[in-house]
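K.L.:
Quick one: the structure is below, and I'll ask about it shortly.
The values are calculated or read from the model by the stated rules, or taken from the named source; none is laboratory data. As the structure is a prediction and not an experimental result, all values here were calculated from the model. Counting neighbours? That spans all protein chains shown, and the Cβs are built from the backbone with ideal geometry, glycine included. Please note that ligands, DNA and RNA were not included when accessible areas were found on the heavy atoms of the full protein model with its side chains. Shrake-Rupley method; radii C 1.70, N 1.55, O 1.52, S 1.80 Å.
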Amino acid sequence: DYEGREVTIPTHPQRILVNQFMGHLLAVGVKPIGATSNQLSQFEDSSFLKPLGLSAGVEDLGNTLSLERALSLNPDLIILQQNAVDELKNYDEYSKIAPTVVLSYGSKTMFEQLREIADIAGVPEKAEEWIAQYEEKAAQYREQLAGVIGPDVTFTVMEAWPKSEIMIFGNLFGRGTFSLYNSLQLKAPAKVQEAVMDKEPSYLKVSLETLPEYIGDYVFLSVYDWQDGDNAGLEADFKNAPVWRSLPAVTEDRIIQVNVNDFLPGDPLSIEKQMEAQVQLLLEKFQKMK
């Protein structure tokens with residue numbers, strides 16, 4: 001339901017439109033017929049997902065889910081994200097086209113969200129199948145890493161933003177945090193644990209000056225110039241900052257830099273690929289540090 005309004009969902013919807021959760025649907029074997037440009041670009045911009053060709057045949061519905069396009073595609077279900085303010089203004093119009101479900105994003109673990117989506121799509125068993133194979137893979141990776149990473153080694157996941165803003169991420173967000181902290185069961189530094197772990201929102205904006213308090217033994221770093229997309233320029237400015245250059249993790253080569261387009265999404269398919277990449281990067285880094 002949305003704002004107390006009950007929604008009757010078809011048992012096995014076949015023609016779904018989304019402005020989020022496309023990766024969750026694909027993980028349970030359901031391809032939406034239409035998605036917003038932002039969703040499609042995640043699949044096109046990620047070096048993990050692009051080769052899989054998963055966005056082929058999914059209609060681009062524009063930056064916000066166009067009512068006109070929605071009507072022309074004759075959907076039997078529309079799934080919207082709770083934060084999509086522009087779309088939610090038109091909730092009543094969408095619900096006249098097809099049953100419309102509004103879901104929160106980023107407040108549940110990936111598993112909980114996947115189960116919710118699979119249930120809505122009428123394939124709850126597919127979520128359990130997907131989770132079982134993912135958990136099996138995670139257990140094998142944990143064994144591999146246990147041989148090289150001590151139990152007290154800490155990891156920070158952070159992102160440099162314009163205007164010297166820095167984001168520190170906890171385990172309920174994207175950026176590879178679910179795989180790193182929940183699946184691989186690696187530790188965050190105490191200050192990060194206290195500020196963002198298992199909390200909503202699961203991220204924190206910090207200044208360059210206070211950054212050292214949140215830095216673990218190792219750092220997964222991404223750079224995201226959301227203002228004008230000049231990640232390279234922002235990266236150069238950030239890495240020249242005296243506070244950054246003086247961090248022991250920097251001077252001792254314990255920074256692992258990752259591509260923001262690969263690590264930004266928080267859907268199951270991306271998270272599985274992020275976990276694979278993290279294990280590879282960690283094994284390489286720790287073998288080099290020996």
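K.L.:
Which net charge results when you count Lys and Arg as +1 and Asp and Glu as -1 among the other residues whose beta-carbon is under 9 Å from that of ILE166?
P.N.:
Result for the local shell: -1.
K.L.:
Can you pull the percent of Cα pairs in segment 95-213 with separation above 17 Å?
P.N.:
Considering segment 95-213, 65 percent of its Cα-Cα pairs are separated by more than 17 Å.
K.L.:
I need the calculated FRET efficiency for the pair LYS96 and GLN133, taking r as the beta carbon distance and R₀ as 35 Å, to the nearest 0.05.
P.N.:
Given R0 = 35 Å and the Cβ-Cβ separation, E is 0.35.
K.L.:
Only loop residues by DSSP count here, and only those with at most 14 other Cβ atoms within 10 Å; note down the GluC sites (Glu not before Pro) in segment 200-244 that meet that.
P.N.:
Taking segment 200-244 and a limit of 14 other Cβ atoms within 10 Å, the loop GluC sites (Glu not before Pro) found are GLU209.
K.L.:
While we're on this one: Restricting to Cα pairs below 8 Å that are 6+ residues apart, what does the relative contact order work out to for the chain? Please round to a whole percent.
P.N.:
19 percent
K.L.:
Per residue of the chain, what 222 nm ellipticity follows from adding -39500 (n - 2.57) for every DSSP H run with n ≥ 4, rounded to the nearest 500?
P.N.:
Computed mean residue ellipticity for the chain: -11500 deg cm²/dmol.
K.L.:
Let me ask something else about it. What accessible area per residue comes out for segment 13-128, rounded to a whole number of Å², with a 1.4 Å probe?
P.N.:
So segment 13-128 comes to 42 Å² accessible per residue, rounded to a whole number.
K.L.:
Restricting to segment 101-255, compute how many DSSP beta bridges are antiparallel as a %, nearest 5.
P.N.:
Within segment 101-255, antiparallel bridges account for around 55 percent of the total.
K.L.:
Given a 1.4 angstrom probe, I'd like the percentage of the accessible area of the chain that is carbon and sulfur, rounded to a whole number.
P.N.:
Whole-percent figure for carbon plus sulfur exposure: 47.
K.L.:
Treat each spin label as a single point 7 Å out from the Cα along the C-beta direction, and report the LEU247 to LYS108 distance in nm.
P.N.:
Computed distance between label sites LEU247 and LYS108 equals 3.3 nm.
K.L.:
Compute and list, largest first, the equivalent-ellipsoid semi-axes of segment 1-139 from the alpha carbon gyration tensor, each √(5λ) rounded to a whole angstrom.
P.N.:
Square roots of five times the eigenvalues give 24, 18, 14 Å.
K.L.:
Continuing with this model, one more query. Please compute the net charge surrounding ARG142, taking Lys and Arg as +1 and Asp and Glu as -1 over other residues with Cβ under 15 Å from its Cβ.
P.N.:
Charge balance in the 15 Å sphere: -3.
K.L.:
Take each complete run of DSSP H in the chain, measure how far its Cα atoms stretch along the helix's own axis, and keep only those covering 18 Å or more with mean Kyte-Doolittle hydropathy at least -1.0; list them.
P.N.:
For the chain, where a helix must reach 18 Å along its axis and average at least -1.0, the hits are 268-289.
K.L.:
Moving on. Of all DSSP beta bridges located in the chain, what percent are antiparallel, nearest 5?
P.N.:
30 percent
K.L.:
Straight-line reach from LYS126: which aspartates and glutamates have Cα under 17 Å away, leaving out those fewer than 8 places along the same chain?
P.N.:
Counting by Cα, and skipping residues close in sequence, LYS126 has these aspartates and glutamates nearby: GLU112, GLU116, GLU135, GLU136, ASP267, GLU272.
K.L.:
In Å², what does the accessible area per residue of segment 149-290 work out to with a 1.4 Å probe?
P.N.:
44 Å²
K.L.:
Once you've got the Cα coordinates, tell me which of LYS31/LYS137; LYS163/LYS239; LYS50/LYS273 are over 20 Å apart.
P.N.:
LYS31/LYS137
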